[in-house]
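Here it is, the structure, as structure tokens.
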Amino acid sequence: MAEAFIALGSNLGNRQDNLKKALQILGERLIVLKISSFYDTEPMYVEDQNWFLNCVVKVRTEFSPRSLLEVLKRIEQAMGRKRSNIERRFGPRIIDIDILFYDNQIVSVDDLKIPHPRIQERLFVLVPLAEIEPRFIHPSFRKSISELIAENHSEKKIVKL
């Protein structure tokens with residue numbers, strides 16, 4: 001069994017219901033250990049869109065990293081996410097589910113990068129992650145989540161609900 005951290009975000013429709021539904025489906029497929037609070041967060045990269053609601057969940061799983069990614073993609077599809085050329089990267093979405101960490105593994109193949117490659121610049125992931133596991137050490141940077149937050153200079157707003 002492995003432990004993984006998964007980020008969830010939504011900025012279309014009823015964001016809170018979207019996160020709750022995704023968490024329920026995750027709970028049917030994985031062992032949920034901890035769930036952060038929900039955070040209302042200013043969008044990054046593409047700013048002309050609604051704010052996101054984000055959270056982080058710690059799970060235990062028997063799925064390999066690749067299999068876990070496939071499970072998460074199927075959940076996104078089941079909830080109505082359409083990945084197409086029309087959908088802008090970093091644009092609005094009903095649900096976004098990403099693997100942040102998988103044990104202390106470093107994975108870099110095709111469309112699977114673990115740890116998530118931009119985690120250090122994303123307070124909308126770091127802050128909820130710190131709420132549930134502040135001392136977790138990023139396997140590439142060899143710094144705790146709290147240290148990564150202290151080094152992050154983003155001025156984006158994040159509000160705990």
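For the stretch 1-56, name all the residues that are part of a loop (DSSP other than H, G, I, E, B) and within 17 Å of LEU161 (Cα to Cα).
Within the stretch 1-56, the subset part of a loop (DSSP other than H, G, I, E, B) is 1, 11-14, 30, 36-38, 42-51.
The answer is ASN11, ASN14, SER36, SER37, PHE38, GLU42, PRO43, ASN50, TRP51.
Name the one entry in ASN11, ASN18, ASN50, ASN54 that is within 17 Å of ILE158 (Cβ to Cβ) and either crowded, with 22+ Cβ neighbours inside 10 Å or of a type in the set (Ser, Thr, Tyr) (or both).
Result of the check over ASN11, ASN18, ASN50, ASN54: ASN54.
Okay, moving on. Inspect the stretch 2-17 for any residue being free of Cβ contacts under 8 Å to residues at least 60 places away in the same chain and aliphatic (A, V, I, L, M) and give the result as yes or no.
no
Moving on to the next point. How many of the residues making up the stretch 122-146 are touching a helix residue (DSSP H, G or I) at 6+ places or on another chain (Cβ under 8 Å), hydrophobic (A, V, I, L, M, F, W, C) and touching a residue at least 40 places away in the same chain (Cβ under 8 Å)?
5
Here is a check on your reading of the model: is LEU112 under 23 Å from LEU26 (Cα atoms), in contact (Cβ under 8 Å) with a residue 24 or more places away in the chain and in contact with a strand residue (DSSP E or B) (Cβ under 7 Å, 6 or more places away or on another chain)? Steps first, please.
On the way: under 23 Å from LEU26 (Cα atoms): yes; in contact (Cβ under 8 Å) with a residue 24 or more places away in the chain: yes; in contact with a strand residue (DSSP E or B) (Cβ under 7 Å, 6 or more places away or on another chain): no.
Judged against the criteria, LEU112 is not a match.
Let me ask another. Got a number for residues in the stretch 39-57 being touching a helix residue (DSSP H, G or I) at 6+ places or on another chain (Cβ under 6 Å) and either at pLDDT 95 or above or within 15 Å of ALA130 (Cα to Cα) (or both)?
The total comes to 5.
Among the numbered criteria (1) touching a strand residue (DSSP E or B) at 6+ places or on another chain (Cβ under 7 Å); (2) under 28 Å from SER154 (Cβ atoms); (3) polar (S, T, N, Q), which single criterion is violated by THR61?
(2)
The values are calculated or read from the model by the stated rules, or taken from the named source; none is laboratory data. The structure displayed is predicted, hence computed values, not measured ones. All Cβ positions, glycine included, derive from the backbone under ideal geometry; neighbour counts span all protein chains shown.
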